[in-house]
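The values are calculated or read from the model by the stated rules, or taken from the named source; none is laboratory data. Nothing here was measured: the structure is a model prediction, and the numbers come from that model. Quick reminder, even Gly has a Cβ in these numbers, built from the backbone with ideal geometry, and neighbours come from all protein chains shown. The area values use the complete protein model at the heavy-atom level, side chains included, leaving out ligands, DNA and RNA. Shrake-Rupley method; radii C 1.70, N 1.55, O 1.52, S 1.80 Å.
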Amino acid sequence: ISTQETDENLEKVQASKAEDFVEWIPNNIKSSVIDVAPVDANISATFITNTTALKAMFQRLASQFSALYKRKAFLHWYKGEGMDEMEFQEADKNVVDLITEYQDKQDATVDGDEDEDM
């Protein structure tokens, strides 16, 4: 399969499933085409996914950030470089909003699957 054919198919999927992709990440699909199959196989394949699994990573990041920020750990280094403490609070709020968006998308997918079964 050619790179051009792969890109065309990805564009079709992204156009037909536009509501499943977040609009604030313009290039949210990455693909790779390797012309040489593995040594022990005749063919190879590419797997493409759009997942809410990143939510757990952002939750872990938020909890670690909160623990450090609560203790004001390393804050003096950033303030010394000219950052304001409000920037940290805003960053924490942005990550929480991101987690909420991922959760909303995950809930919508689960609810949509239940409707199809009925």
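Inside region 80-109, can you point out the residues that are more than 21 Å from the chain's Cα centre (by Cα) and exposed (fewer than 14 other Cβ atoms within 10 Å of the Cβ)? If the condition is that a residue be more than 21 Å from the chain's Cα centre (by Cα) and exposed (fewer than 14 other Cβ atoms within 10 Å of the Cβ), then GLY80, GLU81, GLY82, MET83, ASP84, GLU85, MET86, GLU87, GLN89 are the ones that fit.
Of everything listed in (1) open to solvent by less than 100 Å² (accessible area, probe 1.4 Å); (2) out of contact with any Phe, Trp or Tyr (no Cβ under 7 Å at 6 or more places or on another chain); (3) at pLDDT 70 or above, the single unmet condition for THR49 is (3). If I filter region 24-44 for residues that are at pLDDT below 90 and surrounded by 13 or more Cβ atoms within 10 Å (Cβ to Cβ), do I get at least one hit? Scanning region 24-44, I find at least one residue that is at pLDDT below 90 and surrounded by 13 or more Cβ atoms within 10 Å (Cβ to Cβ), so the answer is yes.
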